[in-house]
Amino acid sequence: MIVHADADPVAAARKVASTKYTTGQVCISPSRFYVHHTIQARFEAAFVEVARSLVVGDGP
């Protein structure tokens, strides 16, 4: 996953975080993120926000 300097870092982080953490096998799940240094902090913060919101455990 490459995120260029002119990308929306929050939108990109939310999209890739939702595809990274899935309940099934996903062959296209990103494993490396190359984010331009000028938007890295905002990307990381948004990605962490999504990751922390996930509920882990047995399903209903």
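The values are calculated or read from the model by the stated rules, or taken from the named source; none is laboratory data. Remember, predicted model here, so these are calculated numbers, not experimental data. Cβ sites come from the backbone with ideal geometry, for glycine too, and all protein chains shown count toward neighbours.
Here are the numbers for this structure:
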| read-out | value |
| --- | --- |
| Test for Ser18: is it under 11 Å from the mean Cα position of the chain (by Cα) and part of a loop (DSSP other than H, G, I, E, B) | no |
| Extreme residue, farthest from Val56 (Cα to Cα), among residues of segment 16-42 that are surrounded by 15 or more Cβ atoms within 10 Å (Cβ to Cβ) and basic (Lys, Arg) | Arg42 |
| Residues (at pLDDT 95 or above and out of contact with any strand residue (DSSP E or B) (no Cβ under 6 Å at 6 or more places or on another chain)) located in segment 14-46 | His36, His37, Thr38, Ile39, Gln40, Ala41, Arg42, Glu44, Ala45, Ala46 |
